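> Encoded as structure tokens, here's the structure I'll be asking about.
Every number here is computed from the coordinates shown, using simple stated rules; none is lab data. On a predicted model such as this, the values are computed, not experimentally measured, just so you know. Glycine also receives a Cβ, built like all others from the backbone with ideal geometry; neighbour counts cover every protein chain displayed.
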Amino acid sequence: MKQLGVRVVFCPSYWYKEIAGEGAKWNSTCEEDHIDALCRTRALENNIMFIYANAAGVMKFPNGTVDTLIGHSQITLPIVGPVAKTEHNNETMIVHTVDLSILDIGRKEYWLV
């Protein structure tokens with residue numbers, strides 16, 4: 001991505017709580033924690049604005065299974081972290097102005113130019 005000059009990555013997602021399985025016994029918010037960690041990591045390791053748009057609400061299937069969608073959509077930058085984020089799983093839209101000059105600082109401080 002660096003060689004191509006990519007500065008913004010948009011990641012649509014369908015991440016839900018039940019993925020945790022037995023791990024939820026140890027940490028009931030482990031999937032939310034994973035999303036936050038992954039968004040920060042992708043932004044930093046690639047020096048990009050990472051826009052994570054996850055499904056929200058509850059999906060009920062005819063076979064009786066349910067996916068409790070996490071939401072937790074966010075816009076994350078290196079150095080800064082999340083600049084806009086939902087802390088819920090309700091359907092919503094994030095609109096936020098971002099100063100991409102932070103990417104120039106990140107490139108200078110953390111990357112070989």
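> If I fit a long axis through the Cα atoms of helix 101-110 and take the longest principal axis of the Cα atoms of the chain, what angle between them do I get, 0 to 90°, rounded to 10?
80
> Report the one residue of T92, W26, C11 whose Cα lies farthest in the direction of the positive end of the charge dipole of the chain (charges on C-beta: Lys and Arg +1, Asp and Glu -1; origin at the Cα centre).
Highest projection toward the positive end goes to C11.
> Rounded to the nearest 0.05, what FRET efficiency is calculated for F61 and K108 with R0 set to 30 Å and r the Cβ-Cβ distance?
0.05
> For helix 30-46, what angle does its Cα long axis make with the longest principal axis of the chain, in degrees from 0 to 90 and rounded to 10?
Between the helix axis and the principal axis of the chain, the angle is about 20 degrees.
> Also, quick follow-up: If each residue of separation counts as 0.36 nm, what is the full-extension length gain between R7 and V80 once their alpha-carbon separation is subtracted?
Full extension from R7 to V80 adds 24.8 nm.
> If you don't mind, another one. Would you mind ranking C39, C30, C11 so that the residue whose beta carbon has the fewest other beta carbons within 10 Å leads the list?
Ordered by Cβ neighbours within 10 Å, fewest first: C11, C30, C39.
> Using a 10 Å cut-off around each Cβ, can you sort S73, S28 from fewest to most neighbouring Cβ atoms?
Fewest-to-most Cβ neighbours within 10 Å comes out as S28, S73.
> Test of understanding: ordering T97, T76 by Cβ neighbours within 10 Å, fewest first, what list do you get?
T97, T76
> Take every DSSP beta bridge whose two residues both sit in the range 1-103, then give the antiparallel share in percent to the nearest 5.
In the range 1-103, approximately 70 percent of DSSP beta bridges are antiparallel ones.
> From the convex hull of the Cα coordinates of the chain, what is the mean projected area in square nanometres?
8.5
> Okay, moving on. Lysine pairs in the chain with alpha-carbon atoms under 20 Å apart, 8 or more places apart or on different chains: how many are there?
4
> Placing +1 at every Lys and Arg Cβ and -1 at every Asp and Glu Cβ, with all other atoms neutral, what dipole size does the chain have around its Cα centre, in debye to the nearest 20? Write down the numbers at each step before the final one.
Values: 10 positive and 13 negative charges, 66 e Å.
Computed about the Cα centre, the dipole is about 320 debye.
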